[in-house]
Amino acid sequence: MSVDIKVPPLPESVTEATVAAWHKKPGDAVARDENLVDLETDKVVLEVPCPEDGVLGEVLKEEGETVTANEILGRVEEGAAAPREESAPAAEQPAGAAPGGEPAAAAATATAAPPAQAFEGLSPAVRRLVGEYGVDPRRIDGSGPGGRVTKADILKHVEGGAPAPEAAPAPASEAPSTAQAPAAPSAPPGARLEERVPMTRLRQRVAERLVEAQQTAAMLTTFNECNMKPVMEMRARYRERFEKAHGVRLGFMSFFVKAAVEALKRFPAVNASIDGNDIIYHGYYDIGIAVSSSRGLVVPVVRDADKLSFAEIEKTINDYGQRAQEGKLAMDDLTGGTFTITNGGIFGSLVSTPILNPPQSGILGMHKIQERPVAENGEVVVRPMMYLAHTYDHRIIDGREAVQFLVAIKDCIEDPARLLLEI
């Protein structure tokens, strides 16, 4: 009996999706609730689970095709068994030897797979990579919450050249170059090559929103700089105790989220948005955090940031970062938001002018911390300084408000006790 594999209901405001990747081929055995295919929308990646145990039959929608809700992607033959491959008769080998002249123990090691318990607690994307590269996740230090192994951890392990723990080393001439981009096609010397690839839906959506922001908002950017020494000293003093008490590292982002909330309370226009001829003043503080993922830029939202502790903010941001890399962000994670923070400093940016995230009216840009000579009390001293950029919609935010808003953030960062005392 055939069971249809259908496109699940798509999130609100999303009308279609693209088949990103099939994880099984026709004839492969499949299990109920196993992830069969990824669908990419302009905001999130949706996983389509297998409806029943059996064998994957025909695939009706190939990778790259556009689909809509409830459309049939393929079919599963319920209760069928995958065809068994007949192995060719082995040539005679000496006792204790495996085909190819290798010792039997080495051959057994090369084909051994991680035990079932090694896959416990891993996401479908991570399990897929574990099977693909033959690595043992128990031997990889996880960067996720509670030490969980993420997709990025697997790729870093493979790209770092670490040998797969369960596989025997292959000769250099035969070793596969996994996790690397395909080599460029060979061409005569002096030839100039080109490659045309379609933009992903997420990249298309990001492009549309950036152009929309520039065409519809009166964007202007004001700059300032802040001395990061007080925050850096506080982090160094309490880092170990904080991590031991809360199970998460104390980063800079939680300080800036708290500082932004305090500044937004003082200048409500920066937390507002335009709807036609009306200005909507938001009485809550949902802070978007720009996250760079393998698919592109996404902005998950920290809800009610004013009600969260430093530890809760750090845990939320870490969780978003991990799920962004694994393509696990839900639509609810990305919708809404009253203000956005982006940190180009992690990539080495010294200064930039961030673009608004419509319909928001303000965005804060953090940058690289760099030691620079500055004047303090009539003397030149060296301090770890960061340039801050505040891009705002000049239609509803005056220059005075925009500058004072940024100064308020600067004051909170340079005197972090303000964040605890809310002054």
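So the values come out like this:
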read-out: Output for the stretch 226-285, where each listed residue is surrounded by fewer than 18 Cβ atoms within 10 Å (Cβ to Cβ), of a type in the set (A, V, I, L, M, F, W, C) and out of contact with any strand residue (DSSP E or B) (no Cβ under 8 Å at 6 or more places or on another chain); value: 234, 236, 245
read-out: Lone unmet requirement of (1) part of a helix (DSSP H, G or I); (2) modelled with pLDDT of 85 or more; (3) open to solvent by 90 Å² or more (accessible area, probe 1.4 Å) for residue 213; value: (3)
read-out: Filtered residue count, the stretch 182-205, keeping only those that are open to solvent by 90 Å² or more (accessible area, probe 1.4 Å), under 25 Å from residue 46 (Cα atoms) and either at pLDDT below 50 or assigned to a loop (DSSP other than H, G, I, E, B) (or both); value: 3
read-out: Residue match in the stretch 318-327 (condition: surrounded by 19 or more Cβ atoms within 10 Å (Cβ to Cβ), of a type in the set (S, T, N, Q) and touching a Gly at 6+ places or on another chain (Cβ under 8 Å)); value: yes
read-out: Elements of type strands (runs of 3 or more DSSP E) in the stretch 1-78, at least 2 residues being farther than 22 Å from residue 295 by Cα and of a type in the set (Asp, Glu); value: 72-78
read-out: Residue that is crowded, with 20+ Cβ neighbours inside 10 Å and at positive phi, where the choices are 337, 288, 296; value: 337
read-out: Residue identified as in contact with a Cys (Cβ under 8 Å, 6 or more places away or on another chain) and over 19 Å from residue 327 (Cβ atoms) among 30, 55; value: 30
read-out: Residue count, the stretch 40-60 (criterion: buried (at least 20 other Cβ atoms within 10 Å of the Cβ) and modelled with pLDDT of 85 or more); value: 4
read-out: Selection count where residues are within 14 Å of residue 68 (Cα to Cα), of a type in the set (Ser, Thr, Tyr) and touching a residue at least 12 places away in the same chain (Cβ under 8 Å), scope the stretch 1-56; value: 3
read-out: Residue match in the stretch 343-355 (condition: open to solvent by 10 Å² or more (accessible area, probe 1.4 Å), small (Gly, Ala, Ser), at pLDDT 90 or above and touching a helix residue (DSSP H, G or I) at 6+ places or on another chain (Cβ under 8 Å)); value: yes
read-out: Complete set of residues in the stretch 385-406 that are surrounded by 16 or more Cβ atoms within 10 Å (Cβ to Cβ) and not in a helix (DSSP H, G or I); value: 385, 386, 387, 388, 389, 390, 391, 392, 393, 396, 397
read-out: Number of the exception - residue 409 against (1) more than 28 Å from the chain's Cα centre (by Cα); (2) outside any strand (DSSP E or B); value: (1)
read-out: Count - residues of the stretch 357-384 that are open to solvent by 30 Å² or more (accessible area, probe 1.4 Å), among the β-branched types (Val, Ile, Thr) and under 19 Å from residue 257 (Cβ atoms); value: 1
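The values are calculated or read from the model by the stated rules, or taken from the named source; none is laboratory data. Keep in mind it's a predicted model, so treat the numbers as computed, not measured. Cβ atoms come from the backbone with ideal geometry, glycine included; neighbour counts cover every protein chain shown. Keep in mind that these areas ignore ligands, DNA and RNA; they rest on the heavy atoms of the full protein, side chains included. Shrake-Rupley method; radii C 1.70, N 1.55, O 1.52, S 1.80 Å.
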